[in-house]
Amino acid sequence: MPKLRIISAKQLLKKLHQAGFLKTHQRGSHVYLKNEHTRKIVTVPLHGGSGHIPIGTLYNIVIRQAGFSAEEFNKL
């Protein structure tokens, strides 16, 4: 099984946008995105000094919330 690459929050938002997720709103340091076709909602944190999302959080966002496999997401 392929692994996810560590990326920044900005890179994650860009990839999710390419996959059809659109920003609905922002609450503090969290951005909420929704895909109109799949009706899935994803929350992306924009806090932290390095800007990189911890790997556990990234897996939660990509696999559980967005419904991608690691291989599908890495190809975006």
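Nothing in this text is a laboratory measurement; each read-out follows from the coordinates by a stated rule. Bear in mind the structure is a predicted one, so any value in this text is a computation, not a measurement. Backbone-built Cβ (ideal geometry, glycine too); neighbour counts: all protein chains shown.
Extension gain Y59-R5, at 0.36 nm per residue separation less the Cα-Cα distance, in nm?
Length gained between Y59 and R5: 18.4 nm.
Using a cut-off of 12 Å between beta-carbons, work out the net charge of the residues near Y59 (Lys and Arg +1, Asp and Glu -1, Y59 not included).
Residues near Y59 contribute +3 overall.
Residue by residue through the stretch 60-76, what is 3J(HN,Hα) from phi via Karplus (6.51 cos²θ - 1.76 cosθ + 1.60, θ = phi - 60°)? Round to whole Hz and write x for glycine and proline.
4, 5, 6, 8, 7, 7, 7, x, 8, 8, 4, 5, 4, 5, 5, 6, 5
Can you compute the modelled spin-label distance between H37 and E72, with each label point 7 Å from Cα toward Cβ, in nm?
Here the answer is 1.0 nm between the modelled labels.
With a cut-off of 8 Å between alpha carbons and a minimum separation of six or more residues, what is the relative contact order of the stretch 9-75 in percent?
24 percent
At 222 nm, what helix-only mean residue ellipticity would the chain give, in deg cm²/dmol to the nearest 500, using -39500 (n - 2.57) for each DSSP H run of four or more? Let's see the in-between values first.
Details: 3 runs with 21 residues, N = 76.
Using -39500 (n - 2.57) per qualifying helix, the result is -7000 deg cm²/dmol.
Net charge near K15: determine it from the other residues with C-beta under 14 Å of the C-beta of K15, scoring Lys and Arg +1 and Asp and Glu -1.
+3
How large is the translational diffusion coefficient of the chain in µm² per second when you combine the Kirkwood radius over alpha carbon pairs with Stokes-Einstein at 37 °C and 0.692 mPa s?
This corresponds to a translational diffusion coefficient of 265 µm²/s.
Quickly work out the Q18-to-H47 label distance, labels modelled 7 Å from Cα along the C-beta direction, and quote it in nm with one decimal.
Taking the simple label geometry, H47 and Q18 are separated by 2.9 nm.
Pairs of lysines 8 or more apart, or on different chains, with alpha carbons under 20 Å: count those in the chain, would you?
Lysine pairs, 8 or more places apart or on different chains, close enough: 18.
What size of dipole, in debye to the nearest 20, comes out for the chain about its Cα centre when the only charges are +1 on Lys and Arg C-beta atoms and -1 on Asp and Glu C-beta atoms?
100 debye
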